[in-house]
Structure formats: structure tokens, C-alpha cells
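Beneath this line is the structure, given in C-alpha cells, with notes to follow.
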Amino acid sequence: MAAEGKEQGSDRIFIRRVLIALALAAFVYLVWHLRGLVLMLFGAVVIATIFRALADPIRRWTHVPEGVSVALAVAIVLAILGGVGFLFGSQIGAQFQTLGTTLPDAWESFERRIGDMGFGEQLESWVAGGSGGVLSTAGRMAMMITGGIADTLVIIFGGIFLASQPRFYRSGAIKLIPPTKRALVADAMGHSERALRMWLKAQLISMTVVGTLTGIGLWLLGMPSALALALIAFTLEFIPFAGPILAAIPAVLIALLIGPEMALWVIGLYLLVQQLEGNVVYPLIQQWAVHVPAAVLLFSLIGFGMLFGIIGIIFAAPLTVVTYVLVKRLYVQEALDTPTPLPGEKEA
């Protein structure tokens, strides 16, 4: 009887483990098919972190309720955007319209120059094979822009909801964790939130410096649409590695319309701005910078791009920061019992 009871107990343990494995497999399968929604949720977390970074000081200074401080933070962001639009909106709009008409001519000029060098057929085959035709590309771009606007609105409003009641959503997520691990998970979430806030602060400074220096440099060079190109450089600086290259492409194409000498000056300007950002600005913001190894960030950018597409590339850096901190806290420190500093902590 004892042997039979022991056998039944082992069977129950085996069945329980099989059910747990099946449940985990089903969860991974569900997350994979809803990966776009998961990424949008993370985007809302990023937006919520930005609003909380503004709302927390407002609440400390004014002692207003949490919801009111978030509303004031949203109002401040909207006021800043509205002020920029009021002061420079017409100029930026005109310059982007000019870019829309100039870039096709710039591309044709680039094609002619490549053709004169004997690489015209290779360029045409590459463009045709990668785009699948101009009309289909235009249709896909229109659908992408429309879907991107809708997704952006969902992410922004989701971020506002998360920012208005962070404790409610955070405690709800922690309740899904077994009670013995809730304190550990809460601590890891706190560290990842702090790291994300620090990274966003450092990134905003870098984006502002890059956009400003690029705009001033293009204006001094006499480049057309300098303000619009500076805004593109400011925005794409959010994407590591690929962003600065993508930002330089339209400027170089337009510069080629003026002449090869201007194109060389523009290339030199973008290289100089990146050198200044990496060697002058970055050391000044070390207190907020989150140190993620460059190789990890590069392959994360490629991996998230393969998994999630363009939106994965956009959020690759903050996703990597959060994942990096969680791995260090939950695996290196907790599972391996190995001391390692987290963002904001000093080396032992």
C-alpha cells in the first residue's frame, strides 16, 4: 500500500509538472501572437514614465493629489508642444513640404550619379527587389502611417492611464506573482523603473543637443530645410546606431543636389555632431546614463526589429535597458547570488 501511495504521489507530481509546462507553452504562444500588443503596452509604460518624471516633482512642490499632478504634467507637455507649434509650426510645415518635393529630385540625382559610376543596374534591382514597386510601397507606407498614428494615440492614452494610477496597476501585476516572490519582483520593478527614467532623461538631453547642433550647422552651411532636418535628427536620435544614419540620409541627398562639396560638408557635420555627443555630452550626463554594453544594445536592436518590425526598433533601447536591469537583479543578484551594481548604484 505504501508503495502504491508513493507511486500515485509521483504520478500526481508528474502530471502537475506536465500541466505547468503546457500552461507555460500556451502562455508563450499567446504572448508571441500578441507581441504587438505587448510592445504597445511597453510603449505606454515609457509614456507613463515620462509623465511621472514630471508629475512627481509637481506633487512634491504643490502637494496636490496624484491625479492632479499627472494632469498638470500632461498640460505642461501639451503647452510646450503647442508653444513650439505656434512659434515654428508654419516654418516647420513649409520646410517639410519642401522636403517632400525635394527628396524625389534628390533621389533621381543620386541615381544618375550612381549610374555614371557604373552601378545603376545594381541600384535599380536592389530598389525594385526591396520595395516591390513604387505603387505597392506607397500603399504600404500609407497604411503604415495610418496604423502608426492610431497605435501612437493608444500608447499615449494608455500611458496617461498608467501614470494616473501607477500603484494600482503595479500592485495588480505583483499579485500575479507567488507571495514568496512578490517583494523581490516589486524591488526589481522599482530598479527597472528608475533605470528607465534615468535613461529617458539622458536620452532627452542627447536628442536636444544633437538636434540643436545639427540645425545650427546646417543653417551655417546654407542648407535648405535646416529646421526640418534638425527635427528629424532630434527624433531619430532616440534610436541607437541606426537613428543617426537614417537622419543623415535625407540631408546628404539634398546636399547632392547642390553639389558633391556640399554633401561632403554635410557628412562631416553629422559625423562631428555624433563625435561631440559621444565624447563631450555623454560624459556630462554620466549620472543619468544607464551603461548597457554596446554589443548587447546592437544585437537587441536587430533582434527586436526582427520580432516586432519598425516599432520594435523604436523601442529597442528602452526595452533593452529594462531587460538588462531585470536580468541583473533577478538572475545575477538573486539566482546566482553574485554582487553587481544596478543603475544608480555605485560599484562596490
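What's the total number of residues in segment 213-235 that are of a type in the set (S, T, N, Q) and assigned to a helix (DSSP H, G or I)? Can you show your working first?
Filtering segment 213-235 down to residues of a type in the set (S, T, N, Q) leaves 214, 225, 235.
Filter once more, so that each one left must be assigned to a helix (DSSP H, G or I): 214, 235.
Summing the residues that are of a type in the set (S, T, N, Q) and assigned to a helix (DSSP H, G or I) in segment 213-235 gives 2.
In the set Leu271, Leu257, which member is modelled with pLDDT of 90 or more, part of a helix (DSSP H, G or I) and over 16 Å from the mean Cα position of the chain (by Cα)?
Values: Leu257 fails: modelled with pLDDT of 90 or more.
Just a single option satisfies the conditions, and that option is Leu271.
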Output for segment 246-276, where each listed residue is more than 13 Å from Gly222 (Cα to Cα), surrounded by fewer than 17 Cβ atoms within 10 Å (Cβ to Cβ) and of a type in the set (Gly, Ala, Ser): Gly268
Selected residue (only one of Gly67, Gly89 is of a type in the set (Gly, Ala, Ser), within 19 Å of Gln165 (Cβ to Cβ), surrounded by 11 or more Cβ atoms within 10 Å (Cβ to Cβ) and modelled with pLDDT under 85): Gly67
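Could you tell me whether Val332 is surrounded by 18 or more Cβ atoms within 10 Å (Cβ to Cβ), of a type outside the set (Phe, Trp, Tyr), more than 20 Å from Pro244 (Cα to Cα) and modelled with pLDDT of 85 or more?
When the stated conditions are applied, Val332 does not pass them.
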Pick from segment 11-57, criterion farther than 18 Å from Gln203 by Cα and β-branched (Val, Ile, Thr), ranking: modelled with the lowest pLDDT: Val31
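Of all residues in segment 170-212, count the ones that are assigned to a helix (DSSP H, G or I) and either without any contact (Cβ under 8 Å) to a residue 24 or more places away in the chain or over 30 Å from Ala226 (Cβ atoms) (or both). Steps first, please.
From segment 170-212, those assigned to a helix (DSSP H, G or I) are 170-174, 179-212; that's our starting set.
Okay, now just the ones that are also either without any contact (Cβ under 8 Å) to a residue 24 or more places away in the chain or over 30 Å from Ala226 (Cβ atoms) (or both), so 170-174, 179-198, 204, 212.
Here the count works out to 27.
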Restricting segment 221-239 to residues that are under 17 Å from Ala94 (Cα atoms) and touching a Gly at 6+ places or on another chain (Cβ under 7 Å), the residue that is surrounded by the fewest Cβ atoms within 10 Å (Cβ to Cβ): Leu227
Residue match in segment 313-322 (condition: more than 13 Å from the chain's Cα centre (by Cα) and either of a type in the set (Lys, Arg) or surrounded by 14 or more Cβ atoms within 10 Å (Cβ to Cβ) (or both)): no
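On the basis of being closer than 30 Å to Ser225 by Cβ and either in contact (Cβ under 8 Å) with a residue 24 or more places away in the chain or assigned to a helix (DSSP H, G or I) (or both), does Ile311 make the cut? Before the answer, list the steps.
Details: closer than 30 Å to Ser225 by Cβ: yes; either in contact (Cβ under 8 Å) with a residue 24 or more places away in the chain or assigned to a helix (DSSP H, G or I) (or both): yes.
In short, yes.
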Near pairs, Cβ below 9 angstrom, 6+ apart or cross-chain, from segment 237-262 (without any contact (Cβ under 8 Å) to a residue 24 or more places away in the chain and within 27 Å of Phe315 (Cβ to Cβ)) to any residue that is of a type in the set (A, V, I, L, M, F, W, C) and part of a loop (DSSP other than H, G, I, E, B): Leu246/Ile239
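Which one is nearest to Trp32 (Cα to Cα) among residues in segment 299-308 that are crowded, with 16+ Cβ neighbours inside 10 Å and in contact (Cβ under 8 Å) with a residue 40 or more places away in the chain?
Taking segment 299-308 and keeping what is crowded, with 16+ Cβ neighbours inside 10 Å, we get 300-301, 304-305, 308.
Now narrow it down to the ones that are in contact (Cβ under 8 Å) with a residue 40 or more places away in the chain: 301, 308.
Details: Leu301: 18, Phe308: 10 Å.
Of everything passing the filter in segment 299-308, Phe308 is nearest to Trp32 (Cα to Cα).
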Complete set of residues in segment 213-229 that are in contact (Cβ under 8 Å) with a residue 24 or more places away in the chain, closer than 20 Å to Val281 by Cα and of a type outside the set (A, V, I, L, M, F, W, C): Thr214, Gly217
Residue within segment 291-301 that is touching a Gly at 6+ places or on another chain (Cβ under 9 Å) and not in a helix (DSSP H, G or I) present: no
Residues being of a type outside the set (Asp, Glu) and outside any loop (DSSP other than H, G, I, E, B) - total across segment 314-344: 20
The lone exception for Ala150 - which of (1) under 30 Å from Phe42 (Cβ atoms); (2) surrounded by 14 or more Cβ atoms within 10 Å (Cβ to Cβ); (3) at pLDDT below 75; (4) not basic (Lys, Arg) it fails: (2)
Answer from Ala75, Ala48, Ala79 - the residue that is of a type outside the set (Val, Ile, Thr) and buried (at least 18 other Cβ atoms within 10 Å of the Cβ): Ala48
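The values are calculated or read from the model by the stated rules, or taken from the named source; none is laboratory data. Keep in mind the model is a prediction, meaning the values are calculated, not measured. Cβ: placed from backbone, ideal geometry, glycine included. Neighbour counts: every protein chain shown.
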